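Notes follow once the structure below has been shown.
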Amino acid sequence: MAAPRSKANNTSTDKRRRLAGAALVATTVILLLLNFDASLTDSAAHAAHPKTPDQTYEPTYPDRGGSFGIIYAANGPFVERAFRSAVALGDGFNATLFSDQAGARACAALRRQHRRNYKDKLQGLRCAVANASTTFGFRAAKLWAFTATPYDKSLYIDADAFPCASFQWLHSELSPALERYDVMATHSSMRRGYAHALHWLNAGVIAFNGHHRTRKVFLDWLRTYEAQRTPTTDQRLFNEAALRSDARIMALPPEFNCKSNYKSVRYEWLKAASPYFYRRLRKDWACCQVPSVGACAIDHECRFPVL
């Protein structure tokens, strides 16, 4: 049978517990006071230094004007997706869809088909033929479109990307920024072949101006791509051309290239194999909303609405 603890041991244990509790309370009070003082300091600093135009998200450089428009490049079934993406830009948009001969005819047919429903919106939509090599199809047309844009400032959007913001909002946000920067694109998750300090830029959404530095980037990109004997990723060559150039390049925030329905695209095969698990995966999917980003300006993997 175990011997009972002595009274002195019990007293010593209780004393240590009381001291530990007092230390915990004192530490909590000190942390609360420090936080309170920091909040007072922050408030005083804000009062002494009012917000600058940058902090209120107002452009600190003038917009000298010039035309602004959206460009697409698509062949085959993606012509209709690019058309639907352009219609989603809202009233008063300017957009040009570059394609091959068949794609340009399909674009014109879509304009005639939906003229009644979108009469006001379709006035600014142009269907153009990309005078590019037919060896690599869509990608050659895409690269050629950057050198043939009819606008002073342009925003290229992939045909499978859906604009969540209106054309007017995109114009007001990007046009002033393109006075200072030549090429703007979001970061890509791929960094293969580069140091970790250098992020790849995603070639699916690119804003650019008409400066000669910008044109040199896209001509270098196009020539390098067409020199390849086999189709390769245009994104890698875009980053290499940008790094070789003297263009002023800026990264766009992630809301300009969201991927809300990433799982929807990657797990499409599961829809037929197991509808139950597909529905469970899809229950939280919603266009133009990404938890880590918030509201999107452009959603690159949205489920397109029906016209």
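The values are calculated or read from the model by the stated rules, or taken from the named source; none is laboratory data. Please read these numbers as outputs of a predicted model, since none were measured by experiment. Cβ atoms come from the backbone with ideal geometry, glycine included; neighbour counts cover every protein chain shown. Surface areas here come from the heavy atoms of the whole protein model, side chains and all, with no ligands, DNA or RNA. Shrake-Rupley method; radii C 1.70, N 1.55, O 1.52, S 1.80 Å.
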Here FRET efficiency (C-beta to C-beta, GLN168 to VAL293, R₀ 25 Å, nearest 0.05) is 0.70
Excluding SER154 itself, what net charge comes from residues whose Cβ is under 12 Å from its Cβ, given Lys and Arg +1 and Asp and Glu -1?
0
Suppose the chain between ASP152 and LEU219 were pulled fully straight at 0.36 nm per residue; how much longer would it get relative to their current alpha carbon spacing?
22.5 nm
Subtract the Cα-Cα distance of ARG248 and GLN235 from 0.36 nm times their separation in residues, and report this length gain in nm to one decimal.
2.9 nm
Considering only protein heavy atoms, with the full assembly of protein chains and a 1.4 angstrom probe, order TRP169, TRP144 by accessible area, largest first.
TRP169, TRP144
